[in-house]
1. With respect to the numbered conditions (1) outside any helix (DSSP H, G or I); (2) modelled with pLDDT of 95 or more, which one is the sole condition not fulfilled by MET1?
2. Would you check which residues across region 121-155 are more than 22 Å from MET90 (Cβ to Cβ) and outside any loop (DSSP other than H, G, I, E, B) and list them?
3. For region 286-306, how many residues meet the condition of being surrounded by fewer than 24 Cβ atoms within 10 Å (Cβ to Cβ) and not in a loop (DSSP other than H, G, I, E, B)?
4. In this structure, does VAL222 turn out to be of a type in the set (Val, Ile, Thr) and modelled with pLDDT of 95 or more?
5. Just a yes or no: is a residue in region 170-181 within 21 Å of the chain's Cα centre (by Cα), surrounded by 24 or more Cβ atoms within 10 Å (Cβ to Cβ), over 20 Å from PHE89 (Cα atoms) and of a type in the set (Ser, Thr, Tyr)?
6. Which residues, counting only those in region 23-80, are under 30 Å from THR156 (Cβ atoms), assigned to a loop (DSSP other than H, G, I, E, B) and among the polar types (S, T, N, Q)?
7. Looking only at residues that are buried (at least 24 other Cβ atoms within 10 Å of the Cβ) and of a type in the set (A, V, I, L, M) in region 98-115, which one is nearest to LEU289 (Cα to Cα)?
8. Could you tell me which numbered condition ILE92 fails, if it satisfies all but one of (1) in contact with a Pro (Cβ under 6 Å, 6 or more places away or on another chain); (2) crowded, with 20+ Cβ neighbours inside 10 Å?
Amino acid sequence: MAFKSKIFILVFILFIGCMQPESSRVDFALGTVCSITLFDQGLDSIYNEIFARIHEIESLMSVNIPSSDISRINKAAGIEPVQVHKDTFMVIERAVYFAELSGGAFDPTVGPLVSLWGINRDEPRVPSQDEIDAVLPLINWRNIKLDSQTSSVYLTQKGMALDLGSIAKGYAADEAAAIIRKAGIERAIVDLGGNIIMIGERKDKNPWRVGIQNPIEKRGAVIGVLQITEKTVVTSGIYERYFDKDGIRYHHIFDPSNGYPAKNGLLSATVVTDISMDADALSTILFVLGYEKRMVLFNYLPNTETIFVFQDNSIRTTDGVNFTVTDSTFFIKN
């Protein structure tokens, strides 16, 4: 898939004033580096179960695996419905929900645009306006037909293609966290390429400290520190996958309404909430909609906080965020 690292994003965990992890494991899956840290009961059997589940989700939902449910759906676009695994069906159903909620700012049928621009490949390019105009009619979440009785999915037009890169990784993070909690582990960190879930609290009973990536610097440079307990953090931004052409930066977060990378004065949008799959989709939605249109979502976002970083280095947050700026070139403007 065009998985988001967030496809899309990143935050960087800071173990500031915290003990070194007692046990952790890192693996590559979902198109990104996945890190699981279990501070208690870090048994091989639990790690094995977590990563087996992550790879299972990848095998079902990756657009880069020919046998995946998503690849089979795309191949059958305009031909016939495809019966899929219940997990795939549920994630697509949730993606359609967010597409409707956002008025199409989030659209899981963005696959033709991702392929056209090639940002996830070795040689990305700026397509012509004619090429973009030719694929835009294929980007329409309303043409996803779901049959819950048979768990089947049908794309009604040939050439349509699903890409769950903006939601499936969040689902995998939630599934990893569910395994950890079922095992009775009280302190853990799940980091699937920037989809982060902090379980429990630090050993000293203080909140976890998570650094928010500086969108214009190298990985690991942060603009500030977020303190959270039992929350997920997901960021969508311009910096994870992009290319420069004629002095213009083209990133991987597309606006389905015009076929170009979203452009609204934002460098990144961070969502802090309870469910990583939802945060995954919401951070994309907020980045595409922009700060001024964010309010259309807030009535539907219980227990959700946000951090917006703008091109002028200003930062705006919701009232419930415990966030401290540490880079003096950035500033809060609420």
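1. (2)
2. Listed by number, the residues that qualify are GLN129, ASP130, GLU131, ILE132, ASP133, ALA134, VAL135, LEU136, PRO137, LEU138.
3. Looking only at that region, the number is 10.
4. No.
5. Within region 170-181, not a single residue is within 21 Å of the chain's Cα centre (by Cα), surrounded by 24 or more Cβ atoms within 10 Å (Cβ to Cβ), over 20 Å from PHE89 (Cα atoms) and of a type in the set (Ser, Thr, Tyr).
6. SER62, ASN64, SER67, SER68
7. Per the stated criteria, the residue is VAL110.
8. (1)
The values are calculated or read from the model by the stated rules, or taken from the named source; none is laboratory data. Just so you know, these numbers come straight off a predicted model, no measurement behind them. Glycine gets a Cβ as well: all are built from the backbone with ideal geometry, and neighbour counts include every protein chain shown.
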